[in-house]
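Here it is, the structure in full.
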Amino acid sequence: MVNKQDVVKNINSQCQWQLHDLVILLSKERDIPMDTRVDAKVTLLDINWRGEMTLECLGQTYSCDGCVDSANKMLLQMNDPTKLYDIFHETHRHVTNKNNMAPWSIDKVIGPNSLVDWLIILGVCLPSLCYFYRPVLYILFAWDTHSKTVLHWLDNDKVLLAIIILEFFTHAMETWRFLIPQLKFHRVHPAIWPQWLFWGLLEGYGPVRRLKSYTATLSIPPLVVIKEDSSDI
């Protein structure tokens, strides 16, 4: 039968990223100088049904306040020690939310992956294409066979250049206002920020939508309980 010690041992084995993240965030909240190495092992010493935890890293102890307040909820969970795994992740999410961060870190770039994404990119590129190769403009407005008012208005370097500048200025503002806060919140790895920013400048809001869609699918992996074999061989 699984007991609390088995769950704690397996949390230490399977959740080092979350444990290390907790140490960093707890140190930040309490203004403790943080010199913990990224590869330093963090050990969960204890956790209770309220989510109160004690962690140890490089000889220093860290305490985490609980976040489970419902007595009924605790009573239901106490019959199943594996629920401590859910409480651990609930506490980690609580601490990260207080610091305006998601309880994960994204290390991938999600480029255009739908017809809508590519149509938006095509629409963004058309003014530039028409500016450098004017016959494209006449092909696009071949339907304007009467007054050709729109065609004549667009067939002007200053007008096309103004459209190009306006669309990339708009995308830059969308990137600054929407994408960068999302990159910070979801803790996207700094090494891949340039790729995300590139898509932001090219598409505008598209990368924000893809990032939110991807993170909405993230979930806590199930706890794999591996019990120590204490039998003599």
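Of everything in segment 105-121, what is of a type in the set (Ser, Thr, Tyr) and closer than 30 Å to residue 24 by Cβ? Give them in sequence order.
To start, the set of residues in segment 105-121 that are of a type in the set (Ser, Thr, Tyr) comprises 105, 114.
Listed by number, the list holds a single entry, 105.
Determine whether segment 86-107 contains at least one residue that is in a helix (DSSP H, G or I), among the hydroxyl-bearing types (Ser, Thr, Tyr) and closer than 30 Å to residue 19 by Cβ.
The first filter runs over segment 86-107 and keeps only residues in a helix (DSSP H, G or I), leaving 86-98.
With the extra rule that they be among the hydroxyl-bearing types (Ser, Thr, Tyr), the set shrinks to 91, 96.
Adding the requirement that they be closer than 30 Å to residue 19 by Cβ leaves 91, 96.
Scanning segment 86-107 turns up at least one residue that is in a helix (DSSP H, G or I), among the hydroxyl-bearing types (Ser, Thr, Tyr) and closer than 30 Å to residue 19 by Cβ.
Any residue in segment 141-159 that is without any contact (Cβ under 8 Å) to a residue 40 or more places away in the chain and closer than 18 Å to residue 209 by Cα?
From segment 141-159, those without any contact (Cβ under 8 Å) to a residue 40 or more places away in the chain are 141-159; that's our starting set.
Checking which are closer than 18 Å to residue 209 by Cα leaves us with none.
Within segment 141-159, none of the residues are without any contact (Cβ under 8 Å) to a residue 40 or more places away in the chain and closer than 18 Å to residue 209 by Cα.
Let me ask something else. If only one of 15, 57, 67 is under 23 Å from residue 221 (Cβ atoms), crowded, with 16+ Cβ neighbours inside 10 Å and modelled with pLDDT under 90, which one is it?
Working: 15 fails: modelled with pLDDT under 90; 57 fails: modelled with pLDDT under 90.
Sole residue among the options that is under 23 Å from residue 221 (Cβ atoms), crowded, with 16+ Cβ neighbours inside 10 Å and modelled with pLDDT under 90: 67.
Condition first: open to solvent by less than 40 Å² (accessible area, probe 1.4 Å) and touching a Pro at 6+ places or on another chain (Cβ under 9 Å). Now tell me which residues in segment 188-201 satisfy that.
Let us first name the residues in segment 188-201 that are open to solvent by less than 40 Å² (accessible area, probe 1.4 Å), namely 188, 192, 196, 200.
Within segment 188-201, 196, 200 meet the criteria.
Take segment 91-100 and flag every residue that is in contact with a helix residue (DSSP H, G or I) (Cβ under 6 Å, 6 or more places away or on another chain) and within 21 Å of residue 179 (Cβ to Cβ). Spell out how you get there, then give the answer.
Of all residues in segment 91-100, those in contact with a helix residue (DSSP H, G or I) (Cβ under 6 Å, 6 or more places away or on another chain) come to 92, 95, 99.
Answer for segment 91-100, where residues must be in contact with a helix residue (DSSP H, G or I) (Cβ under 6 Å, 6 or more places away or on another chain) and within 21 Å of residue 179 (Cβ to Cβ): just 99.
Does residue 180 qualify as being part of a helix (DSSP H, G or I), surrounded by 15 or more Cβ atoms within 10 Å (Cβ to Cβ) and of a type outside the set (S, T, N, Q)?
Numbers: part of a helix (DSSP H, G or I): yes; surrounded by 15 or more Cβ atoms within 10 Å (Cβ to Cβ): yes; of a type outside the set (S, T, N, Q): yes.
Yes: the conditions hold for residue 180.
Determine if segment 213-230 includes at least one residue that is over 29 Å from residue 21 (Cα atoms) and part of a helix (DSSP H, G or I). Walk me through how you get there before you give the answer.
Just the residues of segment 213-230 that are over 29 Å from residue 21 (Cα atoms), to begin with: 229-230.
Within this subset, residues satisfying the condition of being part of a helix (DSSP H, G or I) are none.
No, segment 213-230 contains no residue that is over 29 Å from residue 21 (Cα atoms) and part of a helix (DSSP H, G or I).
Checking residue 173 against (1) in a helix (DSSP H, G or I); (2) surrounded by 12 or more Cβ atoms within 10 Å (Cβ to Cβ); (3) aliphatic (A, V, I, L, M); (4) at pLDDT 95 or above: exactly one of these is not met. Which one?
If we test residue 173 against (1) in a helix (DSSP H, G or I); (2) surrounded by 12 or more Cβ atoms within 10 Å (Cβ to Cβ); (3) aliphatic (A, V, I, L, M); (4) at pLDDT 95 or above, just (2) comes out false.
State whether one or more residues within segment 121-136 are open to solvent by 60 Å² or more (accessible area, probe 1.4 Å), of a type outside the set (Phe, Trp, Tyr) and in contact (Cβ under 8 Å) with a residue 12 or more places away in the chain.
Looking through segment 121-136, none of the residues is open to solvent by 60 Å² or more (accessible area, probe 1.4 Å), of a type outside the set (Phe, Trp, Tyr) and in contact (Cβ under 8 Å) with a residue 12 or more places away in the chain.
Does segment 83-91 contain any residue that is farther than 26 Å from residue 184 by Cα and open to solvent by 30 Å² or more (accessible area, probe 1.4 Å)?
Pass one, segment 83-91, residues farther than 26 Å from residue 184 by Cα: 83-85.
Keeping just the survivors that are open to solvent by 30 Å² or more (accessible area, probe 1.4 Å) gives 83.
Scanning segment 83-91, I find at least one residue that is farther than 26 Å from residue 184 by Cα and open to solvent by 30 Å² or more (accessible area, probe 1.4 Å), so the answer is yes.
Go through segment 137-163 and give me each residue that's more than 37 Å from the chain's Cα centre (by Cα), outside any loop (DSSP other than H, G, I, E, B) and surrounded by 11 or more Cβ atoms within 10 Å (Cβ to Cβ). Please lay out each step first, then the result.
Of segment 137-163, the ones more than 37 Å from the chain's Cα centre (by Cα) are 137-159.
Those still in the list that are outside any loop (DSSP other than H, G, I, E, B) too: 137-140, 149-154, 157-159.
Hits for segment 137-163 are 137, 138, 140, 150, 151, 152, 154, 159.
The values are calculated or read from the model by the stated rules, or taken from the named source; none is laboratory data. Bear in mind that the values here come from a model prediction, so they are computed numbers and not experimental data. Virtual Cβ from ideal backbone geometry, glycine too; neighbours counted across all protein chains shown. Heads up: the accessible areas ignore ligands, DNA and RNA and are worked out on the full protein's heavy atoms, side chains in. Shrake-Rupley method; radii C 1.70, N 1.55, O 1.52, S 1.80 Å.
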